[in-house]
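Written out below as structure tokens is the structure these notes cover.
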Amino acid sequence: MAAEKFHFLIVGVPLSPLHNCISIGQELCLRGHNVTVMSFADRGRQKVAKYAPKCKLNYLSLGELPVSDDKEEELVRQMLTSNSTLLQMSFMMQNFMTPYFDQLQVGVSKALKSGLVTLS
């Protein structure tokens, strides 16, 4: 009896927490499952290639980075002007992560509505 093949969708911003998810996706792929990663721009594609070298995962781009590399550097510099972890976290969530999460929701909704990705 053949094992059932499943389809997995990994969605995330192209930052460090995505690495572990991609590694899990690689393990699922090596076991014969279909794995698709949705993230942003070429940065997301590079993370998929780097952290899943043994098995090719599908990749769907959600568009350009919501926060450019230059803006990201500027935000980090601004954040570091405070010694308060609470202020730093609040600042980065509001100015850095919120644009990612907003675009994540929009991009995934578009992909689902267009039929690029289906849920079963």
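Applying the selection to the stretch 66-100, what residues are aromatic (Phe, Trp, Tyr) and in contact (Cβ under 8 Å) with a residue 60 or more places away in the chain? Even if it seems obvious, please write down each step before you answer.
Within the stretch 66-100, the first condition is being aromatic (Phe, Trp, Tyr), and the residues that meet it are 91, 96, 100.
Of everything in the stretch 66-100, just one residue is aromatic (Phe, Trp, Tyr) and in contact (Cβ under 8 Å) with a residue 60 or more places away in the chain, namely TYR100.
Of all residue pairs spaced 6 or more apart or on separate chains, none has beta-carbon atoms under 9 Å together with a first member in the stretch 1-14 that is farther than 20 Å from TYR51 by Cβ and at pLDDT 90 or above and a second member that is loosely packed, with under 10 Cβ neighbours inside 10 Å and of a type in the set (D, E, K, R).
The single condition among (1) at pLDDT below 95; (2) in a helix (DSSP H, G or I) that GLU74 does not meet is (1). Remark: GLN46 falls outside the filter, which requires a residue to be farther than 27 Å from VAL67 by Cα, assigned to a helix (DSSP H, G or I) and free of Cβ contacts under 8 Å to residues at least 40 places away in the same chain. Test GLY63 against the criterion of being in contact (Cβ under 8 Å) with a residue 40 or more places away in the chain and either touching a Lys or Arg at 6+ places or on another chain (Cβ under 9 Å) or closer than 30 Å to LYS5 by Cβ (or both), and give yes or no. Yes: the conditions hold for GLY63.
Scanning the stretch 81-115 for residues that are in contact with a helix residue (DSSP H, G or I) (Cβ under 8 Å, 6 or more places away or on another chain) and loosely packed, with under 13 Cβ neighbours inside 10 Å yields a single hit, SER82.
Residues checked against (1) under 11 Å from the mean Cα position of the chain (by Cα); (2) surrounded by fewer than 17 Cβ atoms within 10 Å (Cβ to Cβ); (3) at negative phi; (4) not aromatic (Phe, Trp, Tyr):
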{"residue": "VAL35", "(1), (2), (3), (4)": "no, no, yes, yes"}
{"residue": "MET38", "(1), (2), (3), (4)": "yes, no, yes, yes"}
{"residue": "ALA49", "(1), (2), (3), (4)": "no, yes, yes, yes"}
{"residue": "SER68", "(1), (2), (3), (4)": "no, yes, yes, yes"}
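Could you list all residues from the stretch 58-106 that are within 20 Å of ILE10 (Cβ to Cβ) and aromatic (Phe, Trp, Tyr)?
Residues of the stretch 58-106 that are within 20 Å of ILE10 (Cβ to Cβ), as a first pass: 58-66, 97, 100-106.
Answer for the stretch 58-106, where residues must be within 20 Å of ILE10 (Cβ to Cβ) and aromatic (Phe, Trp, Tyr): TYR59, TYR100, PHE101.
Cβ-Cβ under 6 Å, sequence separation 6+ or interchain: first residue in the stretch 20-40 and of a type in the set (Phe, Trp, Tyr), partner in a loop (DSSP other than H, G, I, E, B). Which pairs? Between residues of the stretch 20-40 that are of a type in the set (Phe, Trp, Tyr) and residues that are in a loop (DSSP other than H, G, I, E, B), the close pairs are PHE40/PRO14; PHE40/LEU62; PHE40/LEU65.
The values are calculated or read from the model by the stated rules, or taken from the named source; none is laboratory data. The structure displayed is predicted, hence computed values, not measured ones. All Cβ positions, even for glycine, are placed from backbone atoms using ideal geometry, and neighbour counts span all protein chains on display.
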